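The values are calculated or read from the model by the stated rules, or taken from the named source; none is laboratory data. Model, not experiment: these values are computed from the prediction. Don't worry about glycine lacking a Cβ; one is built from the backbone with ideal geometry, like all the others, and counts go over all protein chains shown.
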Amino acid sequence: MIAVGDGLTLNSGTLSSSSFNLGSLPLQTNLLPEDQIVVTNAGTSQLVGLNQVRELFTAGSNITIDANGIISTSSVGGGTNYSLSGLSSVQVIASGDLVGVSQSGADHTITYANLLDGLTIDLASPAAAASDGDTLWVGQASNVMLRQSLSAIWPWISGKLASWTRPIIELIGNTSLNGAVHNNAVLICSSPLLISIGAGSIGSGFSCELINASSGMVTFSSGILTSNGSSGLSPYQCASIQCITYSAGTTVFASISAGSTATVAPGQVTGLTASSVASSVVGLSWSAPGLGGSVSVYSIQYRITGTTTWGIAGQNNGSLNFVVTGLQSVTSYDFAVNAINNVGTGPTSSVLTTTTSSGATLPGAPTSVTASNITSSSMTFSWSPPTSGGVGMVYTVQYRVTGQSAWVVAASNLSGTTTNLSNLTASTSYDIRITASLSGGSGPPSTAVTAQTLQLAGLVTGIVWNLAPTGTFAHGSGAIGVNVHVTPASAAVQFGFSTSSSLPPTSWVTGVFVNSDLWGQYLPTPATPGSWFGWAEGTDGSSPTAYATPFTVT
């Protein structure tokens, strides 16, 4: 009899293959390198040796596979393929992060906090008071950590103290003292200001020096006790300020220098002269005031001639001379000096005007300045060239309303010796001066000439008195009403009183339009007894008209 094996079937005499039954195979309990297994490739079953299957696997980092196919890990750092430098790095480590350690030949991990046994700087136990034997880490010329004692550090610190200086801080405005900014500093007040103490801004042990280098007072706020009971520092006084906490509380105390004993301000400086003049410096000298209190300092001011704002050139401690530096060459400057003490500032000296020099030859001052063709709004000026100068001379014409300090340039770079000023105000006095210039600079200005524009003609052509002052009035008491009819009716007039019917008043009051052609005003009663005349004229000075009958002031 024939038996049908696995994978075959016999049916009605027909032998055919069937599905292979793996369960019918005998069990292999021990794999050997020479054993084979069945694999299917594209539907075809094939045999593959076990050694071929093992070749599909390779050992990774820190992993080994021996000849028998045993997979195991290698010791940290022991394998030839393992490297710490190949791992990714971190910038910050936390207390719970793991650190690798080897203990009794076995590899383990431990948290960073446990590795340090909890002694991170913020978890460390408080130390006792410092002593000379205390040590700390230090790196000297390398990253190798060495041990250093506190007693060894002190000679280094004390050697640095010799070169330490206190910071200098200039104060230019009201200031609240602050321990983080002003402690152990020297504070210079360059202008009058208020010193105050902010709440909690300084503490016990705070100290600073305060110097008043200004010409005014430096005032203390409430809460600052002073050694002399004053409310601040006079010019050029100083104070030592301390904040102290003791059994009575916290106190801010200012010990103030004695300062000057003057009881009145100084008098006026006299005799201001230019002792030397160069292109950028002017030396000044003067005489001390003959009146007033003793002088602590002199303050020297200057400005370019024709400007209105004074600058401080400097101050000195009682010397009668000073050199002003940093000036422009060939420029006219005004100089003045004030004497100052702890009481106040004396009157300003007379103004000295001088012009800085230049290396080049400069022209002299033009001469023979004259005014002609004067109208109510214009005038013509002519002059003669200076007696010293050179080729290429040009002129600058300046003018100002008489009594004012600032000059206005009317024309410049004129090659001729005549010019016309226009757009002037009627009945107004003007000062005019001429300056000659060469390429190297300008000479001194000419002597100023004064001329007055004419009155506007014909604004008021007729005045008829309607209400004139008559009778008797008490001097300096009340006001007197007046009014006049004016031709033309829209032309403004002004009123005044004079003791003469031929000489007009010295002061006028502009009238008020009443109606039609009538203009009027109330004038203060003259303060001087006597006979007085009423006057009216156009505001431009046209048609001056006196009322023929005087009135009496008693």
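Of all residues in the range 488-500, those satisfying the criterion of being at pLDDT below 90 and either among the hydroxyl-bearing types (Ser, Thr, Tyr) or over 56 Å from the mean Cα position of the chain (by Cα) (or both) are Pro488, Ala489, Ser490. Of the residues making up the range 249-268, not a single one is free of Cβ contacts under 8 Å to residues at least 24 places away in the same chain, within 11 Å of Ala339 (Cα to Cα) and not assigned by TED's automatic domain parsing to the domain that holds Gly223.
Hey, among the residues in the range 119-177 that are in contact with a helix residue (DSSP H, G or I) (Cβ under 7 Å, 6 or more places away or on another chain) and among the charged types (D, E, K, R), which one's farthest from Leu187 (Cα to Cα)? In this case the residue turns out to be Asp134. Checked against the criteria, Ala365 does not count as closer than 24 Å to Val401 by Cβ, crowded, with 17+ Cβ neighbours inside 10 Å and modelled with pLDDT of 90 or more.
A single entry from Ser285, Ser296, Ser275 fulfils the requirement of being surrounded by fewer than 13 Cβ atoms within 10 Å (Cβ to Cβ), in contact with a strand residue (DSSP E or B) (Cβ under 8 Å, 6 or more places away or on another chain), touching a residue at least 24 places away in the same chain (Cβ under 8 Å) and not assigned by TED's automatic domain parsing to the domain that holds Ile195: Ser275. I'd like to check something: does the range 431-445 contain any residue that is within 48 Å of the chain's Cα centre (by Cα), part of a loop (DSSP other than H, G, I, E, B) and without any contact (Cβ under 8 Å) to a residue 40 or more places away in the chain? Taking every residue of the range 431-445 in turn, none turns out to be within 48 Å of the chain's Cα centre (by Cα), part of a loop (DSSP other than H, G, I, E, B) and without any contact (Cβ under 8 Å) to a residue 40 or more places away in the chain.
Of the candidates Asn174, Asn228, Asn212, Asn183, the single residue that is out of contact with any strand residue (DSSP E or B) (no Cβ under 6 Å at 6 or more places or on another chain), of a type outside the set (Lys, Arg) and not assigned by TED's automatic domain parsing to the domain that holds Gly314 is Asn183. Scan (1) part of a strand (DSSP E or B); (2) within 32 Å of the chain's Cα centre (by Cα); (3) closer than 23 Å to Thr348 by Cβ for the single condition Gly271 breaks and write down its number. Among (1) part of a strand (DSSP E or B); (2) within 32 Å of the chain's Cα centre (by Cα); (3) closer than 23 Å to Thr348 by Cβ, Gly271 violates only (2).
Sub-7 Å Cβ pairs linking a first residue in the range 171-197 that is part of a strand (DSSP E or B) to a second residue that is surrounded by fewer than 19 Cβ atoms within 10 Å (Cβ to Cβ) and of a type in the set (Lys, Arg), at least 6 apart or interchain, are Val186/Arg166, ordered by first then second residue. Looking only at residues in the range 386-427 that are assigned to a loop (DSSP other than H, G, I, E, B) and crowded, with 16+ Cβ neighbours inside 10 Å, the one that is modelled with the lowest pLDDT is Gly389. Quick check on the range 34-67: of everything there that is charged (D, E, K, R) and not in a helix (DSSP H, G or I), which residue is modelled with the lowest pLDDT? Filtering first and then ranking leaves Glu55. Could you tell me which residue of the range 100-122 is surrounded by the fewest Cβ atoms within 10 Å (Cβ to Cβ), considering only residues that are in contact (Cβ under 8 Å) with a residue 12 or more places away in the chain and not in a strand (DSSP E or B)? Here the answer is Thr120. The residues on offer are Leu161, Leu187, Leu193, Leu225, and the sole one that is modelled with pLDDT of 90 or more and either in contact with a Cys (Cβ under 8 Å, 6 or more places away or on another chain) or not hydroxyl-bearing (Ser, Thr, Tyr) (or both) is Leu187. Is it the case that Ser543 is touching a residue at least 12 places away in the same chain (Cβ under 8 Å) and either acidic (Asp, Glu) or not in a strand (DSSP E or B) (or both)? For Ser543, the condition - touching a residue at least 12 places away in the same chain (Cβ under 8 Å) and either acidic (Asp, Glu) or not in a strand (DSSP E or B) (or both) - is met. Please go through the range 37-51 and pick out each residue that is within 27 Å of Pro26 (Cβ to Cβ) and loosely packed, with under 12 Cβ neighbours inside 10 Å. Val38, Thr40, Asn41, Gly43, Thr44, Ser45, Gln46, Leu47 - these are the residues of the range 37-51 that are within 27 Å of Pro26 (Cβ to Cβ) and loosely packed, with under 12 Cβ neighbours inside 10 Å. Restricting attention to the range 297-328, the residues that are in contact with a Phe, Trp or Tyr (Cβ under 8 Å, 6 or more places away or on another chain), more than 29 Å from Thr396 (Cβ to Cβ) and among the hydroxyl-bearing types (Ser, Thr, Tyr) add up to 2.
The single condition among (1) surrounded by 13 or more Cβ atoms within 10 Å (Cβ to Cβ); (2) under 30 Å from Val297 (Cβ atoms) that Ile432 does not meet is (2).
Would it be correct to say that Thr453 is closer than 30 Å to Gly520 by Cα, surrounded by 15 or more Cβ atoms within 10 Å (Cβ to Cβ), modelled with pLDDT under 90 and not acidic (Asp, Glu)? Considered against the rule, which asks whether it is closer than 30 Å to Gly520 by Cα, surrounded by 15 or more Cβ atoms within 10 Å (Cβ to Cβ), modelled with pLDDT under 90 and not acidic (Asp, Glu), Thr453 comes out as yes.
Annotation: Ser95 fulfils all but one of (1) under 30 Å from Ile121 (Cβ atoms); (2) at pLDDT below 75; (3) of a type outside the set (Phe, Trp, Tyr); (4) touching a Leu at 6+ places or on another chain (Cβ under 9 Å); the unmet one is (2).
Among the residues of the range 274-326, those identified as under 21 Å from Val343 (Cβ atoms) and assigned to a strand (DSSP E or B) are Trp286, Ser287, Gly292, Val297, Tyr298, Ser299, Ile300, Gln301, Ile312, Gln315, Asn316. When the range 203-257 is limited to residues that are out of contact with any Gly (no Cβ under 6 Å at 6 or more places or on another chain), within 23 Å of Gly344 (Cα to Cα) and among the aliphatic types (A, V, I, L, M), the one that is surrounded by the most Cβ atoms within 10 Å (Cβ to Cβ) turns out to be Leu233.
Taking the range 473-528 and the strands (runs of 3 or more DSSP E) fully enclosed by it, the elements with 2 or more residues that are more than 15 Å from Pro544 (Cα to Cα) are at 479-487, 512-515, 518-524. Filtered by the rule that a residue be at pLDDT below 90 and out of contact with any Phe, Trp or Tyr (no Cβ under 9 Å at 6 or more places or on another chain), the range 347-362 gives Ser357, Ser358, Gly359, Ala360, Thr361, Leu362.
Among residues of the range 123-151 that are outside any helix (DSSP H, G or I), those with a beta-carbon under 8 Å from a residue that is of a type in the set (Asp, Glu) at least six positions away or on a different chain give the pairs Ala127/Asp134; Ser149/Asp132; Ser149/Asp134.
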